Amino acid sequence: MTFEATNESKALKREVVVVSDRGTGELPIDTQHDRVNEHAVRCLGEIADLAPGKRGKLTLNLGPGTYLLLCNDPGHYKDGAVAKLVIGP
């Protein structure tokens, strides 16, 4: 599966991080940096640090399961920059 992302922001950088959804609700937050603690989740890959107007791609071999796509720039996950992806059998 290939993910393509375009940062349509005029001023903020963005990223897309793909993690396995453990089904435990909220992801663990590094409160000092106001981001998801990527060391405490199963990070499968990311399109990192997209400057305004830039594009990026990420290809992953994902099996059946539930995944989360999130922006892990400070505050973005807590503000709702997350989507669930379900891949069936």
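Nothing in this text is a laboratory measurement; each read-out follows from the coordinates by a stated rule. Being a predicted model, the structure only gives us computed values, none of them experimental. Neighbour counts are summed over all protein chains in view; Cβ atoms, including those assigned to glycine, are modelled from backbone coordinates with ideal geometry.
A few notes on this one:
Here is a yes/no grid of residues against (1) charged (D, E, K, R); (2) within 13 Å of the chain's Cα centre (by Cα):
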site: MET1; (1), (2): no, no
site: GLU8; (1), (2): yes, no
site: VAL18; (1), (2): no, yes
site: GLY23; (1), (2): no, no
site: GLU26; (1), (2): yes, no
site: THR31; (1), (2): no, no
site: ALA40; (1), (2): no, no
site: ASN61; (1), (2): no, no
site: LYS84; (1), (2): yes, yes
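- Whichever residue in segment 25-40 is touching a residue at least 12 places away in the same chain (Cβ under 8 Å) and assigned to a helix (DSSP H, G or I) and, among such residues, is surrounded by the most Cβ atoms within 10 Å (Cβ to Cβ): GLU38
- Scanning segment 41-63 for residues that are under 19 Å from THR24 (Cβ atoms) and loosely packed, with under 13 Cβ neighbours inside 10 Å yields one hit, ARG42.
- Residues of segment 10-24 satisfying the condition of being loosely packed, with under 12 Cβ neighbours inside 10 Å and either touching a helix residue (DSSP H, G or I) at 6+ places or on another chain (Cβ under 6 Å) or small (Gly, Ala, Ser) (or both): ALA11, GLY23
- Candidates are the residues of segment 65-89 that are charged (D, E, K, R) and in contact (Cβ under 8 Å) with a residue 12 or more places away in the chain; the one that is surrounded by the fewest Cβ atoms within 10 Å (Cβ to Cβ) is LYS84.
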